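The values are calculated or read from the model by the stated rules, or taken from the named source; none is laboratory data. Everything quoted here is computed from the prediction, not taken from an experiment. Because the Cβ atoms are built from the backbone with ideal geometry, glycine has one as well, and the counts that use them run over all protein chains shown.
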Amino acid sequence: MSAMKKLSLRQTFFINALFEGQDVPFWDFTGSQLTGASFARANCTQTVFEKSTLVNVDFSESILMSVKFAYVGLYGATFYQTKPVKFIFDHVKLEKVNSTGVIFHGGFQKPANTRFRESNIAYSTFANVVLFNIRFELCNVTGADFTNSYLLKSEF
């Protein structure tokens, strides 16, 4: 794993970049465009994705604690978790996020205090997830699929 901390990658463009299994906490991707990038199994604690565009980005099995997704376009991103003890979204804020075809699978577990604010999560898939203490504020959830998911103490 990489030991690099507080790296600024603002206004950068990445195509098919591999951050798989890397330690990328405190990295700042503000204003960046990532297409086909993989953060699978990466530690993304306190990583910043603000005013960024993420196309077909894979966050499978990643640790996303206190990550900031603000004013982000998520298109075809995958958040797939098989281990419910890993808190994929812990105190994560998604503000004014436009998501299309995003897949969330597992990982929204206690004590996650995640908030989706003014986000478009229409037609996103929340498959087999436990949404514990999640807040959806002023969100478009039209056509969102919550099949086989549990909404515990979550607010819409």
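I'd like the full set of residues that are of a type outside the set (A, V, I, L, M, F, W, C) and either at pLDDT 70 or above or farther than 20 Å from Thr45 by Cα (or both), limited to the stretch 1-18. Walk me through how you get there before you give the answer.
If we filter the stretch 1-18 for residues that are of a type outside the set (A, V, I, L, M, F, W, C), which is where we start, we get 2, 5-6, 8, 10-12, 16.
The answer is Lys5, Lys6, Ser8, Arg10, Gln11, Thr12, Asn16.
Go over the candidates Asn113, Asn140 one by one and state the one that is modelled with pLDDT under 80 and among the polar types (S, T, N, Q).
After ruling out the rest, the residue left standing is Asn113.
Out of (1) in contact with a Ser or Thr (Cβ under 7 Å, 6 or more places away or on another chain); (2) on the phi > 0 side of the Ramachandran plot, what's the single condition that is false for Tyr71? All conditions pass for Tyr71, except number (1). Scanning the stretch 140-156 for residues that are out of contact with any strand residue (DSSP E or B) (no Cβ under 7 Å at 6 or more places or on another chain) and either part of a strand (DSSP E or B) or not small (Gly, Ala, Ser) (or both) yields Val141, Thr142.
I'd like to check something: does the stretch 116-127 contain any residue that is farther than 24 Å from Leu138 by Cβ, modelled with pLDDT of 75 or more and buried (at least 24 other Cβ atoms within 10 Å of the Cβ)? No, every residue in the stretch 116-127 fails to be farther than 24 Å from Leu138 by Cβ, modelled with pLDDT of 75 or more and buried (at least 24 other Cβ atoms within 10 Å of the Cβ).
Can you confirm whether the stretch 4-17 contains a residue that is outside any loop (DSSP other than H, G, I, E, B), of a type in the set (Gly, Ala, Ser) and surrounded by 17 or more Cβ atoms within 10 Å (Cβ to Cβ)? No: the stretch 4-17 contains no residue that is outside any loop (DSSP other than H, G, I, E, B), of a type in the set (Gly, Ala, Ser) and surrounded by 17 or more Cβ atoms within 10 Å (Cβ to Cβ).
Just a yes or no: is a residue in the stretch 79-101 modelled with pLDDT of 80 or more, farther than 20 Å from Ala42 by Cα and assigned to a loop (DSSP other than H, G, I, E, B)? Within the stretch 79-101 (the criterion being modelled with pLDDT of 80 or more, farther than 20 Å from Ala42 by Cα and assigned to a loop (DSSP other than H, G, I, E, B)), the answer is no, since none of the residues qualifies. Of all residues in the stretch 27-39, those satisfying the criterion of being buried (at least 17 other Cβ atoms within 10 Å of the Cβ) and small (Gly, Ala, Ser) are Ser32, Ala37, Ser38.
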